[in-house]
1. What's the number of the condition T194 fails, among (1) in contact with a Leu (Cβ under 9 Å, 6 or more places away or on another chain); (2) hydroxyl-bearing (S, T, Y); (3) open to solvent by 40 Å² or more (accessible area, probe 1.4 Å); (4) not in a loop (DSSP other than H, G, I, E, B)?
2. Among the residues of the stretch 372-391, how many are over 21 Å from G351 (Cβ atoms) and not in a helix (DSSP H, G or I)?
3. Can you tell me which residue in the stretch 255-280 is farthest from the chain's Cα centre (by Cα), limited to those that are under 20 Å from Y360 (Cβ atoms) and in a loop (DSSP other than H, G, I, E, B)?
4. Hey, could you check the stretch 9-29 for residues that are in contact with a helix residue (DSSP H, G or I) (Cβ under 7 Å, 6 or more places away or on another chain) and open to solvent by 20 Å² or more (accessible area, probe 1.4 Å) and say which is nearest to L184 (Cα to Cα)?
5. Please verify whether T224 is at pLDDT 95 or above, farther than 30 Å from F284 by Cα and polar (S, T, N, Q), treating the condition exactly as stated.
6. Of the conditions (1) under 25 Å from P243 (Cα atoms); (2) surrounded by fewer than 18 Cβ atoms within 10 Å (Cβ to Cβ), G58 satisfies every one except a single condition; which number is it?
7. Only one of (1) modelled with pLDDT under 95; (2) on the phi > 0 side of the Ramachandran plot is not met by D305, so which one is it?
8. Could you tell me whether any residue of the stretch 386-395 is open to solvent by 40 Å² or more (accessible area, probe 1.4 Å) and not polar (S, T, N, Q)?
Amino acid sequence: MISKEQFLLRQPSMPQETSTDKFYFDLCNHLANVAKEKNIFPSYPEKVMERAALVLIGYYQDVISDAGVWRSFINECRRLYGYTVPFFSNAGDDYVDYELNKADVRFMVWYALSMNYENRRVCYPFDKEILDGAEVWFEELEKAYDDAPIPEIYRFSAELEIHSEEDRPEIMRLANWLFLHCYLMTPAYALTLTEISSEYDLTKEDGIIEMQKRLDLSMWQDPTGPLALYLGEWLYLIVEQKPAPEPKTNEPEGEHKYYTAFTNFTGGKTLQFFSTYEEMNRFFIDALGWAEGESHLEQVKNDHDFVLMVDPKKGMLLARNIAKCIASPANHLYDKEYARDHAMDLLTERGTCPGDLLRYICEKDWLPDAVFPGSEDKELVKNNWDFISRCYLQQYYRGD
């Protein structure tokens with residue numbers, strides 16, 4: 001049973017109730033009850049299924065009121081990728097913008113279940129359990145669609161101007177709801193929140209205070225939602241209905257010294273692969289001029305299968321334990337069998353592969369073996385690698 005407190009926590013008007021809350025609260029519990037009665041998500045704990053129902057009801061309220069969050073998401077997907085809904089881009093001629101669609105429900109069910117359940121976090125979007133459950137829930141939402149009242153308070157972005165001082169209180173209220181409680185943002189942010197909370201002793205008042213300060217910073221510094229956009233980017237899309245202006249960057253002049261030394265030694269190559277630490281340490285000495293007779297970057301001494309990459313502005317980055325997954329023609333370490341089991345980790349496990357390197361190898365199509373567990377659908381990953389990386393990796397992919 002989903003409590004009223006759980007439901008209200010996710011509403012833009014919280015903690016106040018509105019006249020339409022009862023309809024959507026009852027519908028949310030109806031979805032959960034149908035799921036239990038028909039056993040449509042048998043491999044997921046009940047609490048995870050209930051969180052998915054809450055997420056789906058948030059989407060439902062959004063499209064009925066055209067609040068702007070879902071509209072912003074699919075418009076940005078079209079701008080970034082040329083499709084409407086990730087994975088389910090072949091939505092067909094019956095897809096209606098900003099209304100209830102089966103493709104939307106399929107995506108939201110996959111997204112909510114995957115982001116909220118560690119044991120099945122990397123789940124194939126076309127898994128039969130996902131599709132069957134989404135079908136049942138879509139039918140229930142469709143039945144209620146004509147009678148559903150327009151949710152109060154959901155048109156929070158109407159007639160706001162993002163740089164208006166007069167609108168600033170409403171913009172900040174919207175920002176807080178988006179970051180902390182919005183159905184589209186919170187599933188992807190859940191792991192970041194877990195990482196942050198693990199840094200503090202929450203049994204002590206000081207720990208709680210310090211964590212709140214960290215969350216205040218995270219609100220503006222960490223990306224969120226399935227597209228891993230920063231809060232300012234989401235606000236622009238929702239309020240101004242257009243992408244945020246590109247930020248000005250102060251890039252250093254000239255080439256980074258590591259880039260120059262690296263490419264001079266390799267004849268212009270910007271990537272190098274090493275099976276052992278000893279091989280890589282020798283490269284540091286011979287190519288970069290680091291001190292002879294020393295063990296450099298000793299913190300990775302017990303790792304293996306290294307990749308070094310250089311950028312003319314950012315310098316050098318290092319990745320470990322992943323070289324076997326990269327199908328570069330110049331990589332003698334590539335192991336197709338190993339990659340079949342581990343290549344997907346680069347797109348879904350935080351800290352496995354630096355974002356710049358991941359983008360580079362995917363743009364080169366050097367991750368051909370990446371598939372969702374239990375699937376052989378390489379094309380799905382090949383066509384959606386950027387979205388998958390954003391959704392799973394968040395700041396580890398979009399951060400500098």
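The values are calculated or read from the model by the stated rules, or taken from the named source; none is laboratory data. No experiment lies behind these values; they were computed from the predicted model shown. All Cβ positions, even for glycine, are placed from backbone atoms using ideal geometry, and neighbour counts span all protein chains on display. Surface accessibility is based on the protein's heavy atoms, side chains included, excluding ligands, DNA and RNA. Shrake-Rupley method; radii C 1.70, N 1.55, O 1.52, S 1.80 Å.
1. For T194, the failing item is (1).
2. 4
3. The extreme case among them is G267.
4. R10
5. Here the answer is yes, as T224 does meet what is asked.
6. Of (1) under 25 Å from P243 (Cα atoms); (2) surrounded by fewer than 18 Cβ atoms within 10 Å (Cβ to Cβ), only one is false for G58: (2).
7. Against the list (1) modelled with pLDDT under 95; (2) on the phi > 0 side of the Ramachandran plot, D305 comes up short only on (1).
8. No: the stretch 386-395 contains no residue that is open to solvent by 40 Å² or more (accessible area, probe 1.4 Å) and not polar (S, T, N, Q).
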